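Only one structure is covered here, and it is reproduced in the block below.
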Amino acid sequence: MLVRFAPQRHHCKSYVKAHLRSYSSKNQQGKLIDQVRIYVRGGTGGQGSSRLGGLGGDGGDVVARAQPGSLAHIAKSSSRRFVAPNGGHSTSQRPCGNRGRDLVIHVPPGTTVVSGEGDRQQLADLDHVDATAVLARGGRGGSQLTPNFSGAKGESRVLRLELKLIADVGFVGFPNAGKSTLLRSLSNATPKVASYPFTTIRPHLGVLSYGGHEVTLADLPGLVEGAHLNIGMGHKFLKHVERTKALLFVVDVQGFQLSDHHDFRDAFQTIQLLSAELELYKQGLVGRPAALVVNKMDTSGAVAKLQELVTKLNETKGNQSEGIIPVFREVIPISALQAIVSRLWAECERCAKGALTRMAAKGALTRMAAKRATIDVHTHILPERWPDLKERYGYGGWIQLHHHCKGKARMMKDKDGQLFREIEENCWSPEARIKEMDETGVALQVLSTVPVMFSYWAKPEDTLDLCTILNDDIAKAVKKYPTRFVGLGTIPMQAPEQAIQELRRCVVELGFAGVQIGSHVNQWNLDAPELERVFAAAEELGACIFVHPWDMPEDERMKKYWLQWLVGMPCETAVAICSMIFGGVLERHPRLRVCFAHGGGAFPFIIGRVEHGFESRPDLCAKENPFNPRKYIGQIYTDTLVHDERALKYLASTIGEDRIILGSDYPFPLGEHPPGKLITSVSEWDDEVKDKVMFRNALEFLGLKDFQLEPQNGPVPMETTEQQNSQQTELEEDSDWRPLTKVPRLGTQSITC
């Protein structure tokens, strides 16, 4: 540990003026609101026309976009109600009504969107300029799918916008440690200081400018013991620490005692307590790059106490019995009243450098601007057009696509003329998909057909022909945008030899990562002996398999309330998993990578029942595989499409954090919008776990460990491994390092808590 005694300067004030620029001005000063409660409502869909068969326009969305500024303009709004415009009605002049315009609310970077009622779930994190989030979606326009062709009402909800400071270095300490005085000396920010004990009650920002570099410094209000439990104003203060890239611990060399009713703590015990409060609030905070400022060195006996402190810090390195204590890059003894700018600046520079360097991932992807990469393994796509299949094959039962107005089409059953589903251009247009991917921060989509197109019921040669049409269309999109899409093919599973033929073509010729298959094949479950060769071929080729439920029971009990999709699909997936386990498919093919849609359906929640049945009735359950079903938990993957935070956390604890993958079911109504929203809302998960679920596990499943994503200008900028390595080398070798992004000139602001 390096301890440096800064040289004394006789003209500190003039020295500061010569090397620092102040960005504070009267019109920049003032209270900055850090939370505000709002009501949002999407626009109502327009009225459709039963006479014309026309569609009403969708209602507009309420969208939040991060832009430089504050929350003050929202807080000052008289009603704090934000309602998007309605969609246009269908008319004879315009059969498809216009979509309502989106209502955009500008919020400062660092704003999180939290549900205003109930469990206060985090819905979005707008952590960089131009980041966007849909706060309330507009209602769908009226059509034959809606009662009386009426438009649906838009979503409405009460939300809370919470601002967390974004700063390079955060000052952390207990009351009266001298943080505010230090900030004044370094940046010419003007927090209140005095000769008597008191604590700052509002965070302050200052900008340190030195040698052409700029670093933002945040003076965070003094903590008290129990702050992690929200004692005092604990959470309102601690939340601002989350955004800082590095920490500067400020302690009084003489120790600290909050009041006569509290125990006295020496400097070392103060550091222990500060570290504990940070780590108990959010795991990983103490692991950030840190330096220690030991203040008030002008007091009696300070030098001896400093030496005692340094000895204890050296003794506790790697010793967890003393609790979690940061590994300080440097210990800097000062008197804040005689702050030594050059010495402290150099340490701030190193801390910021270390923080930004740590953000670089060692693999093929990197997360910049605190925004992680996102890979969506569960999306569906169709060709914009395909031949009349009834005419092509000579019998009915197929799905046809009818384009009835610009940007919209109807999937129709040619057997009875019934509507199966209404879709929009994002279901066939790669360009429309990429536009929405950029808006929602998705770097890569895995493309697969819509399950109703599996067509296992048809003649094998006809299904193979249709598979060729569908797979060639996916290959066309992947070839055009190879850094944005990965393909999964579809194969005629009812004819294993032809299925293997198309599987090989998909992997070898088209370059797909694997295939998507149904949860059963007509009367075969996935353990059918006829399918054994298909799984063996997939394992040999290194192809992954995504299992999607389809062909759910259509009896009268299931037709009501959309139960086929809400209940039938989870049941289908559970049957598929149990069949592959009990039938020994996973035992015979340990290298086969299989992912099941919709969080594995009901399976993760009935695994206890399945295991109990295996143990209590082996005569029924263990006929083809003698091993306990739990053995295969670490072998299968599932996506994350469960729509509930508690269910997602249970899924991770059951299947494993390394085996769940983001999947949204884009672009359909039962999907998650925006993709990954549920994952980011889990506050108990640190960045490492979220990175696994958002993209690293997907790379493993797809067999694309070395896949590199295209750098983007949208919400998720990325860099290749080569760029990371060269940039990291430059940071390590360049003594004149400067931050990667220029810090906005925030000046002096205070925040009302």
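The values are calculated or read from the model by the stated rules, or taken from the named source; none is laboratory data. Just so you know, these numbers come straight off a predicted model, no measurement behind them. Every residue, glycine among them, receives a Cβ derived from its backbone with ideal geometry; neighbour counts consider all protein chains shown. Ligands, DNA and RNA are stripped out before the accessible areas are found, and what is left, the full protein with its side chains, is counted by its heavy atoms. Shrake-Rupley method; radii C 1.70, N 1.55, O 1.52, S 1.80 Å.
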Notebook entry, point to check: What part of the accessible area of the stretch 570-643, given as a whole %, is carbon or sulfur when the probe is 1.4 angstrom?
Noted result: 58 percent
Next item on the list: Find how much the distance from Arg37 to Lys415 grows on full extension, using 0.36 nm per residue of separation minus their present alpha carbon separation; answer in nm with one decimal.
Entry: 130.9 nm
Note to self: What number comes out for accessible area per residue over the stretch 472-567 if the probe is 1.4 Å? Units Å², please.
What the structure shows: 45 Å²
Check: With the radius of gyration and the Kirkwood radius both derived from the Cα set of the stretch 439-539, what is their ratio Rg to Rh?
Finding: 0.99
Item checked: Cβ charges +1 (Lys, Arg) and -1 (Asp, Glu), total dipole of the stretch 463-561, debye -> 580 debye
Note to self: I want to check the label-to-label distance for Ser156 and Leu52. Put each point 7 Å from Cα in the C-beta direction and report it in nm to one decimal.
What the structure shows: 2.9 nm
Notebook entry, point to check: Which percent of the accessible heavy-atom area of the stretch 439-518 goes to carbon and sulfur, probe 1.4 angstrom?
Noted result: 55 percent
Next item on the list: Per residue of the stretch 104-109, in order, report the coupling 6.51 cos²θ - 1.76 cosθ + 1.60 (Karplus, θ = phi - 60°) as ³J(HN,Hα) in whole Hz, putting x for Gly and Pro.
Entry: 9, 9, 8, 10, x, x
Item checked: FRET E, pair Glu431, Asp130, Förster distance 22 Å, beta-carbon r, rounded to 0.05 -> 0.65
Next item on the list: Give the Cα extents of the stretch 489-594 along the principal axes, in whole Å, largest first.
Entry: 44, 29, 20
Checklist line | Violating pairs (Cα-Cα greater than 25 angstrom) within the set Lys560/Lys649; Lys282/Lys435; Lys245/Lys305; Lys406/Lys559; Lys406/Lys476 | finding: Lys560/Lys649; Lys282/Lys435; Lys245/Lys305; Lys406/Lys559
Notebook entry, point to check: Considering amide H positions built from the backbone, and no H for Pro or chain starts, which residues 5 or more places from Phe82, or on another chain, come under 5 Å of its amide H?
Noted result: Tyr39, Val40, Arg41
Margin query: Give me the extension gain from Lys559 to Asp472: residue separation times 0.36 nm, minus the current Cα-Cα distance, reported in nm with one decimal.
Written below: 27.9 nm
Notebook entry, point to check: Excluding ligands, DNA and RNA, what is the solvent-accessible area per residue of the stretch 26-151 at a probe of 1.4 Å, expressed in Å²?
Noted result: 49 Å²
Next item on the list: Hey, can you grab everything whose amide H is under 5 Å from the amide H of His378? Only 5+ residues off in sequence or another chain; H modelled, so Pro and N-termini drop out.
Entry: Val446, Ser664, Asp665
Note to self: How much length would be gained if the chain were fully extended between Arg385 and Asp686, taking 0.36 nm per residue of separation minus their Cα-Cα distance, in nm to one decimal?
What the structure shows: 103.9 nm
Checklist line | Estimated FRET transfer efficiency (Val327, Asp260; beta-carbon r; R0 45 Å; 0.05) | finding: 0.85
